[in-house]
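Peer 1: One structure, pasted below without further comment.
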């Protein structure tokens, strides 16, 4: 190869890489593709039922309801075909339902945890029971979804909740020195009322910045360097594209719920202290009696393990298990090794308690 | 004439030589930055910046809101507050429909229970909800400010 040809070859490689990079940065991957039916709506919230692929007689009797956080799309649970937690669970014979909170508008700025837990969740669960024909059900809450499901389980212990799975649950805020978010949102630095008086809802861009600023170099530089290094690997770029599509799909969080998250949880740790009131009623964690599976991500920088560990000593459940996974807040469920490290253990625990 | 080989040859990444150095630099920078954002000083600085932005931009936002409100009135268009009020009423209607749905489930359940021949078969597969589950959910649980006037 002459020097001229080699030089030309280098430029064509660079051009191809730039083309791929540009495509990945400017297009959306198809995520959330597992077939599902819409069975209930209220305001922006939607309840979906995933189309079963296992015959009814071979399916687990107890349906599973997935509840994700309020400030990101729940499509992370169904990221891409062949690598989707939902697809995996449907294939393992679960009747899977997903509660999608939707995108709050200006009219939803006063929505609080009270509304999500006492208005939306009971209605969605009633519909799920009606459609599934089961009076018992399991719930999986992830991130803020774990706060919501824990509060619900404690406030409605006789509603048929048999199994509660918590993933990276930010429930204990008693160690603010270990929580960067707690430092940033301390009342000395952050005027939550002023922010919400200005914007109504908490802008998605600010939430996104907060999450990314915890590891600024990784999120703003290394992420793209790694992408560049792997541009010749179709599997790697497919995974990156899907994750980037999910990460960049940001939207606001209802103002009332955000204020509660900061004031009641980050600043005052009211749930663990037994001081949290939901519509005037104290939330007693010892009333939570469902079987409990608590998944903790050991390298979680958003919800450090110390936030999820104490719950087991507070609840009234007799069947409890902690499962620790090497990985981060999202990686344990959507990362490349989730299908080996996390999903089979959830299936093992839940399958034994779903018939 | 010499035949020139036009095979692809090894693909050379122009950045290959810098990769190791780059990764080491980013790794060390990452640790420095994580420590930096985790300090009280960073929290106070970002808090102060946000606070200043909100304070300084408030008069402009208020002026814009007033101008927009006047313009919408001139064009006989609804204001943001009016659209919000309408959306809240829609949500309230949806809740009432959901309550009716729950009551209907309850009635169908009672009927199927009183008619043994039709036991276990209820329209929409709705025959399994207990009466306590199917009671209207809005009583005592309603969102403040969402009741119809």
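Peer 1: Would you be able to say whether some residue in the stretch B:53-66 is more than 8 Å from chain A (Cβ to nearest Cβ), part of a helix (DSSP H, G or I) and under 28 Å from residue A:301 (Cβ atoms)?
Peer 2: Yes, some residue in the stretch B:53-66 is more than 8 Å from chain A (Cβ to nearest Cβ), part of a helix (DSSP H, G or I) and under 28 Å from residue A:301 (Cβ atoms).
Peer 1: On the given criteria, is residue B:41 free of Cβ contacts under 8 Å to residues at least 12 places away in the same chain, under 26 Å from residue A:217 (Cβ atoms) and surrounded by fewer than 11 Cβ atoms within 10 Å (Cβ to Cβ)?
Peer 2: Yes; evaluated as a whole, the condition is true for this residue.
Peer 1: Moving on to the next point. When you scan the stretch A:232-329 for helices (runs of 4 or more DSSP H) that lie fully inside it, which ones turn up with 3 or more residues that are under 27 Å from residue A:189 (Cβ atoms)? Break it down stepwise before answering.
Peer 2: Values: elements: A:234-247, A:255-260, A:270-273, A:311-314.
Hits in the stretch A:232-329: A:255-260, A:270-273.
Peer 1: Moving on. Among the residues of the stretch A:336-354, count how many are within 17 Å of the chain's Cα centre (by Cα) and in a helix (DSSP H, G or I).
Peer 2: 4
Peer 1: How many residues does the stretch B:20-50 hold that are modelled with pLDDT under 90 and facing chain A (nearest Cβ under 7 Å)?
Peer 2: Selection size over the stretch B:20-50: 1.
Peer 1: Would it be correct to say that residue A:227 is at negative phi, outside any helix (DSSP H, G or I) and surrounded by 16 or more Cβ atoms within 10 Å (Cβ to Cβ)? So that I can check it myself, show each step before the final result.
Peer 2: Details: at negative phi: yes; outside any helix (DSSP H, G or I): no; surrounded by 16 or more Cβ atoms within 10 Å (Cβ to Cβ): yes.
Here the answer is no, as residue A:227 does not meet what is asked.
Peer 1: Is at least one residue of the stretch A:162-174 on the phi < 0 side of the Ramachandran plot, surrounded by fewer than 22 Cβ atoms within 10 Å (Cβ to Cβ), more than 20 Å from the chain's Cα centre (by Cα) and facing chain B (nearest Cβ under 10 Å)?
Peer 2: So far as the stretch A:162-174 goes, no, none of its residues is on the phi < 0 side of the Ramachandran plot, surrounded by fewer than 22 Cβ atoms within 10 Å (Cβ to Cβ), more than 20 Å from the chain's Cα centre (by Cα) and facing chain B (nearest Cβ under 10 Å).
Peer 1: Take the stretch A:258-284 and flag every residue that is within 14 Å of chain B (Cβ to nearest Cβ) and surrounded by fewer than 15 Cβ atoms within 10 Å (Cβ to Cβ).
Peer 2: Once the filter is applied, which keeps residues that are within 14 Å of chain B (Cβ to nearest Cβ) and surrounded by fewer than 15 Cβ atoms within 10 Å (Cβ to Cβ), the stretch A:258-284 yields A:280, A:281.
Peer 1: Within the stretch A:127-155, which residues are in contact with a helix residue (DSSP H, G or I) (Cβ under 7 Å, 6 or more places away or on another chain), surrounded by fewer than 24 Cβ atoms within 10 Å (Cβ to Cβ) and within 10 Å of chain B (Cβ to nearest Cβ)?
Peer 2: Within the stretch A:127-155, A:131, A:133, A:135 meet the criteria.
Peer 1: Might you let me know whether the stretch A:60-68 holds any residue that is out of contact with any strand residue (DSSP E or B) (no Cβ under 8 Å at 6 or more places or on another chain), free of Cβ contacts under 8 Å to residues at least 60 places away in the same chain and part of a loop (DSSP other than H, G, I, E, B)?
Peer 2: Taking the stretch A:60-68 and keeping what is out of contact with any strand residue (DSSP E or B) (no Cβ under 8 Å at 6 or more places or on another chain), we get A:60-61.
Subsequent filtering for residues that are free of Cβ contacts under 8 Å to residues at least 60 places away in the same chain retains none.
No, the stretch A:60-68 contains no residue that is out of contact with any strand residue (DSSP E or B) (no Cβ under 8 Å at 6 or more places or on another chain), free of Cβ contacts under 8 Å to residues at least 60 places away in the same chain and part of a loop (DSSP other than H, G, I, E, B).
Peer 1: Working carefully through the options A:187, A:177, find the one that is part of a loop (DSSP other than H, G, I, E, B) and either farther than 25 Å from residue B:31 by Cβ or more than 7 Å from every other protein chain (Cβ to nearest Cβ) (or both).
Peer 2: Checking each option against the conditions leaves just A:187.
Peer 1: Name the helices (runs of 4 or more DSSP H) wholly inside the stretch A:69-161 in which the number of residues that are within 24 Å of residue A:35 (Cβ to Cβ) and more than 12 Å from the chain's Cα centre (by Cα) is 2 or more.
Peer 2: Working: elements: A:85-91, A:121-132, A:144-155.
Filter on the stretch A:69-161 gives A:85-91, A:121-132.
Peer 1: Of the numbered conditions (1) at pLDDT below 95; (2) assigned to a helix (DSSP H, G or I); (3) within 25 Å of residue A:150 (Cβ to Cβ), residue A:212 satisfies every one except a single condition; which is it?
Peer 2: (3)
Peer 1: Turning to a different aspect of this structure: In the stretch A:190-201, which residue that is touching a strand residue (DSSP E or B) at 6+ places or on another chain (Cβ under 8 Å) and in a helix (DSSP H, G or I) is nearest to the other protein chains (Cβ to nearest Cβ)?
Peer 2: Restricting attention to the stretch A:190-201, the residues satisfying the condition of being touching a strand residue (DSSP E or B) at 6+ places or on another chain (Cβ under 8 Å) are A:195-196, A:201.
Retained after the next criterion (residues that are in a helix (DSSP H, G or I)): A:195-196.
Working: A:195: 7, A:196: 11 Å.
Selected residue: A:195.
Peer 1: Failed condition for residue A:182, given (1) in contact with a helix residue (DSSP H, G or I) (Cβ under 6 Å, 6 or more places away or on another chain); (2) crowded, with 21+ Cβ neighbours inside 10 Å; (3) part of a helix (DSSP H, G or I), with all others met?
Peer 2: Evaluating residue A:182 over (1) in contact with a helix residue (DSSP H, G or I) (Cβ under 6 Å, 6 or more places away or on another chain); (2) crowded, with 21+ Cβ neighbours inside 10 Å; (3) part of a helix (DSSP H, G or I) leaves (2) as the failure.
Peer 1: Can residue B:124 be described as at the interface with chain A (Cβ under 8 Å from one of its Cβ atoms), assigned to a loop (DSSP other than H, G, I, E, B) and at pLDDT below 50? Talk me through it step by step, then tell me what you get.
Peer 2: Working: at the interface with chain A (Cβ under 8 Å from one of its Cβ atoms): yes; assigned to a loop (DSSP other than H, G, I, E, B): no; at pLDDT below 50: yes.
When the stated conditions are applied, residue B:124 does not pass them.
The values are calculated or read from the model by the stated rules, or taken from the named source; none is laboratory data. Quick caveat: nothing in here was measured; it's all calculated off a predicted structure. Please note: Cβ atoms are built from the backbone with ideal geometry, for glycine as well, and neighbour counts cover all protein chains shown.
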